[in-house]
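See below for the structure under consideration.
The values are calculated or read from the model by the stated rules, or taken from the named source; none is laboratory data. Just so it is clear, the model here is predicted, and its values are computed rather than measured. Neighbour counts are summed over all protein chains in view; Cβ atoms, including those assigned to glycine, are modelled from backbone coordinates with ideal geometry. Just so you know, the surface numbers come from the protein's heavy atoms only, side chains and all, with ligands and any DNA or RNA stripped out. Shrake-Rupley method; radii C 1.70, N 1.55, O 1.52, S 1.80 Å.
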Amino acid sequence: MNVVVRYSSLGDVILAGAVTAALGDVWFLTHPRYHDIARRLTGVVGVLAPGDPLPAGARVVDLHHNLRSARVPAHTRVERQDLRRRARVWFKTAPADPVLTRYARAAGVPPAPPPWLPPARRGDALVIAPGAAHATKRWPHWAALAAAWPGPVRAVGGPGEEALVAPLGGVCEAGFDRTLAALDGAAVLCAGDTGLLHLGAAAGLPVVGLFGPTTSADGFFSYGGRAVELDLACRPCSRFGGPVCPVGDHRCLRDLDVASVLAACLAAAGLAPAAG
Ligand code: SF4
C-alpha cells in the first residue's frame, strides 16, 4: 500500500495520476477540496485529509515537499527544483525537469500514460476553456476560433469565469463531476496552461495548449498534446502567469493567431494533417 501526498493545486493533483496509476493501491493525501478528483484517479483506493492517520505500513511518497508536507513521515520526496525554475524565468536558462519526470523519480516508477481518469466519450465538438486564474494566461481570440470550427463548440469553465464563458454560449460548472461531464463528446479540448487542460488530457482527450507567459517546456505539458506558442525572448516571464504583462503588449498570446490554433485543433482531432 502507498500514500501519495500532494495538497494542491488542481493541475498538480491531476498530474499525480501518472504516479497513482503506475503504483496502484494508493491512498491520496490532499486538501479536501481536491478529494472529488483524487478519488477518481486510477490506482487510488481512498483519500485522506491533512491530519488524518496514515494506513499502517504504507510507503509514503511526498509529491509536494513543502513545509506542511514535511510533517508527514515520507519515505521519499519529490525534488522541487525551485531554483532552476526561477532561473529559467529570470535568465531564460534551460527548463527544469518535467513534473511527471520528477514525480515518477520520487515514486520509483515510470509514469503511466493518460488516461488517469475515467475516459471522456469522444465526439465531434471543440471544447474550449477560455478562463485562467491569471490574466496573462488568457488568450483573447476564443470567439474567432469558435466561429471557425466546422462543428459544434462548447465553452466550459469554473465558478467565477462566467464573464469569459457566457459570451461564448457556455456555462460554468461547479464540481468535478459536472466539469468532467462537460468534456463528454469532445473531439479536442483547447485551453490555456490551466488545470482544465490537464483535466482533459487525464480524461484521455486530445488537447491543444496555448502557452504565453509560461512555455510548454516548463514542466506540466509532458503527457503528450499539441502546444501552440510563439518564440519570444520575453518568454517565460513567469512560473504561473500574472495579472499584467510585464512589458505591456501581451504579444505572447495576443499574436497567437487563430489559423495556427485552428490547425492544431483540427490535427489533434484527426480532421486535418499536422502542420510541418
Ligand atoms: S508578452 Fe512576454 S512579458 Fe508579456 S506576458 Fe507574454 S511572455 Fe510575459
Fill in: Lone unmet requirement of (1) of a type outside the set (A, V, I, L, M, F, W, C); (2) on the phi > 0 side of the Ramachandran plot; (3) at pLDDT below 95 for residue 71
(2)
Practice prompt. Return yes or no: is residue 212 open to solvent by 30 Å² or more (accessible area, probe 1.4 Å) and either within 21 Å of residue 142 (Cα to Cα) or touching a Gly at 6+ places or on another chain (Cβ under 7 Å) (or both)?
Written response: no
Worksheet item: Do you know which residues across the stretch 18-52 are without any contact (Cβ under 8 Å) to a residue 60 or more places away in the chain and aliphatic (A, V, I, L, M)?
Response: 26, 29, 38, 44, 45, 47, 48, 49
Worksheet item: If you check every pair at least six apart or on different chains, which have Cβ atoms under 6 Å apart with a residue in the stretch 234-260 that is closer than 26 Å to residue 146 by Cα first and a residue that is near the ligand (Cβ under 6 Å from one of its atoms) second?
Response: 241/136; 241/213; 242/136; 245/136; 252/212; 252/232; 252/235; 253/212
Worksheet, complete the sentence: Exactly one of 276, 192 is within 16 Å of the ligand (Cβ to nearest atom) and either crowded, with 20+ Cβ neighbours inside 10 Å or modelled with pLDDT under 95 (or both), and that residue is 192
Fill in: Scope the stretch 142-172; condition at pLDDT 90 or above, closer than 30 Å to residue 248 by Cβ and buried (at least 18 other Cβ atoms within 10 Å of the Cβ); matching residues
142, 145, 146, 155
Worksheet entry | Within the stretch 216-225, considering residues that are touching a residue at least 40 places away in the same chain (Cβ under 8 Å) and surrounded by fewer than 21 Cβ atoms within 10 Å (Cβ to Cβ), the one farthest from the ligand (Cβ to nearest atom) | 224
Worksheet item: Quick check: is even one residue across the stretch 36-52 open to solvent by 60 Å² or more (accessible area, probe 1.4 Å), over 30 Å from residue 183 (Cβ atoms) and either part of a loop (DSSP other than H, G, I, E, B) or at pLDDT 95 or above (or both)?
Response: yes
Response to the item:
Filtering the stretch 245-255 for residues that are within 8 Å of the ligand (Cβ to nearest atom) and part of a loop (DSSP other than H, G, I, E, B) leaves a count of 6
Worksheet entry | Cβ-Cβ under 8 Å pairs, at least 6 apart or on other chains, the stretch 6-17 side touching a residue at least 24 places away in the same chain (Cβ under 8 Å), far side of a type in the set (S, T, N, Q) and surrounded by fewer than 24 Cβ atoms within 10 Å (Cβ to Cβ) | 7/66; 7/69; 17/42
Worksheet, complete the sentence: Given the conditions (1) surrounded by 19 or more Cβ atoms within 10 Å (Cβ to Cβ); (2) under 17 Å from residue 119 (Cα atoms), every one holds for residue 5 apart from (2)
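This table checks each residue for (1) open to solvent by less than 60 Å² (accessible area, probe 1.4 Å); (2) closer than 19 Å to residue 200 by Cβ.
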{"residue": "235", "(1), (2)": "yes, no"}
{"residue": "242", "(1), (2)": "yes, no"}
{"residue": "245", "(1), (2)": "yes, no"}
{"residue": "250", "(1), (2)": "yes, no"}
{"residue": "254", "(1), (2)": "no, no"}
{"residue": "259", "(1), (2)": "no, no"}
{"residue": "268", "(1), (2)": "yes, yes"}
{"residue": "272", "(1), (2)": "yes, no"}
Worksheet item: Taking the stated definitions as given, is residue 101 open to solvent by 30 Å² or more (accessible area, probe 1.4 Å), modelled with pLDDT of 95 or more and closer than 23 Å to residue 224 by Cα?
Response: no
